[in-house]
Amino acid sequence: MTKIEIITRQSKLEDLKTALNEIGINGMTVSNVLGYGVQKGQKHRYRGVEYSVDLLPKIKIEMVVCTVPVDDVVNTAISVLRTGEIGDGKIFISPVSRVIKVRTGEEDREALL
């Protein structure tokens with residue numbers, strides 16, 4: 001079992017959800033988050049005064065996969081998200097040692113299905 005976290009632009013969420021559903025991902029958690037990386041925020045002007053927005057709005061998509069290959073998820077996400085511009089996002093992959101479905105007590109693979 002593997003946890004995949006994707007942080008990207010808010011505008012890409014619907015396209016990413018559609019593409020992931022097509023390869024068999026049927027569950028995910030989506031959160032609105034703030035952050036910055038290489039972008040270091042953005043500079044804006046308001047009434048002639050320059051100010052900086054350090055934390056930019058992003059979307060964080062989290063999923064745990066066991067039947068769909070991780071490389072399929074990663075390749076699908078990259079094909080949808082890549083624009084070649086700063087801010088396309090990051091993908092984090094980490095192992096999951098145990099999953100428990102609270103309602104039934106099922107564990108690991110059965111808890112995800």
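The values are calculated or read from the model by the stated rules, or taken from the named source; none is laboratory data. Everything numeric here is computed off the predicted structure, so don't read it as measured data. FYI the Cβ positions are ideal-geometry reconstructions off the backbone, even for glycines, and counts take in every protein chain you see.
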Handout entry: First in segment 78-105 and within 22 Å of Asp54 (Cβ to Cβ), second anywhere and basic (Lys, Arg), Cβ under 7 Å, 6 or more apart
Key = Gly87/Arg9; Asp88/Arg82; Gly89/Arg9
Problem - Enumeration of residues in segment 86-95 that are modelled with pLDDT under 95 and surrounded by 10 or more Cβ atoms within 10 Å (Cβ to Cβ) - result: Gly87, Asp88, Gly89
